[in-house]
1. Compare the peptides 58-67, 90-99 by average per-residue count of other Cβ atoms within 10 angstrom and give them in order, highest first.
2. Between Ser101 and Leu74, what is the label-point separation in nm under the 7 Å Cα-to-beta-carbon projection?
3. Compute the distance in nm between two label points, each set 7 Å from the Cα along the Cα-to-Cβ direction, one at Val81 and one at Ser46.
Amino acid sequence: MKIGHLPPSKVDNTTPQSETEKISKTKVRDKQIKTEFVSVDFSDTSRIIKKAIEKFKELPEIRKDKVDAIKAKLKNNSYSVTPEQIAEKMLEEIMEEIHYSRK
């Protein structure tokens, strides 16, 4: 069954050239605006932290001076550590592990 006697209307999907130019100029301007404001500023605290990390990396993993001092004391039987000192150090390490595991 036919409805109406008019031919199907033509759909106009084109955009006039002047509008297309406006759109492309706007896109270019938006890109320029976005790139103009890109800058990074580090705080004094972050610079200090970075320096501390670099200095820490320079330290040897084993502190030979301390090891030699303890070896000398052990050799002379003058090295003494109380059970309280041992317990304190153990608790400090446990607390550090707990602190870092929560981050």
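1. Listed from highest to lowest mean packing, they are 90-99, 58-67.
2. Taking the simple label geometry, Leu74 and Ser101 are separated by 2.9 nm.
3. A separation of 4.0 nm, rounded to one decimal place.
Where a number appears in this text, it was derived from the coordinates with a stated rule and is not lab data. Keep in mind that this is a model prediction, so the values were computed, not measured. We place every Cβ from the backbone using ideal geometry, glycine too, and count neighbours over all the protein chains shown.
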